[in-house]
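The values are calculated or read from the model by the stated rules, or taken from the named source; none is laboratory data. In this text the structure is predicted, and so the values were computed from the model without any measurement. Cβ coordinates were reconstructed from backbone atoms using ideal geometry, including for glycine residues, and neighbour counts include every protein chain displayed.
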Amino acid sequence: MRVALGADHAGFEMKQAIAEHLHSLGYTVLDLGTDSAAPVDYPDFSAAVARAVLEKRADRGVLICGSGVGASVAANKFAGIRAAICHDCYSAHQGVEHDDMNILVLGSRIIGLELAKDLVSTFLGATFSGEERYRHRLAKVAALEAKAQ
């Protein structure tokens, strides 16, 4: 599986550690920055990860910023992106199984590295159930996106 990984300056250190974790698990990592702890704007990295997922250069994405809020808001501006902040393992797998979440967002100032690793592993190990009720709900989400365009 190919994973697009991006972070702002607040998430830089966690991103580096998550990249190592993903490599150790055999994932292909597309590191889209940032490349230092120097201040940058989170929307740039959210957009890069969202585009990588939409363009199928990555199967899923992981975004990290200080709280997770800004990166989540920015990524969800892209039709077809279903990004969510998850700071518990249940949400990390349920978001994929029921909502076909394709980007996991983490707050580096909210959770520790070991929990972040568990969340990423849980997110990437989950699959969309494909049940009719969930496909029906996702069709409604797609209709909302189309109407907003």
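Data table
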quantity	calculated
Residues (surrounded by fewer than 19 Cβ atoms within 10 Å (Cβ to Cβ), under 15 Å from the mean Cα position of the chain (by Cα) and among the small types (G, A, S)) located in segment 1-46	A19, G33
Candidate set: segment 96-123, residues that are of a type in the set (A, V, I, L, M) and touching a Leu at 6+ places or on another chain (Cβ under 8 Å); chosen: the one surrounded by the fewest Cβ atoms within 10 Å (Cβ to Cβ)	I111
Conditions (1) closer than 26 Å to F128 by Cβ; (2) not in a loop (DSSP other than H, G, I, E, B): number failed by G26	(2)
Residues of segment 67-100 satisfying the condition of being farther than 20 Å from H9 by Cα, without any contact (Cβ under 8 Å) to a residue 60 or more places away in the chain and out of contact with any strand residue (DSSP E or B) (no Cβ under 8 Å at 6 or more places or on another chain)	K77, F78, D88, C89, Y90, H93, Q94, V96, E97, H98, D100
Single residue of segment 92-149 satisfying the filter (over 15 Å from the mean Cα position of the chain (by Cα) and polar (S, T, N, Q)) that is modelled with the highest pLDDT	S129
Selection count, segment 15-37, where residues are in contact with a strand residue (DSSP E or B) (Cβ under 9 Å, 6 or more places away or on another chain) and touching a residue at least 40 places away in the same chain (Cβ under 8 Å)	4
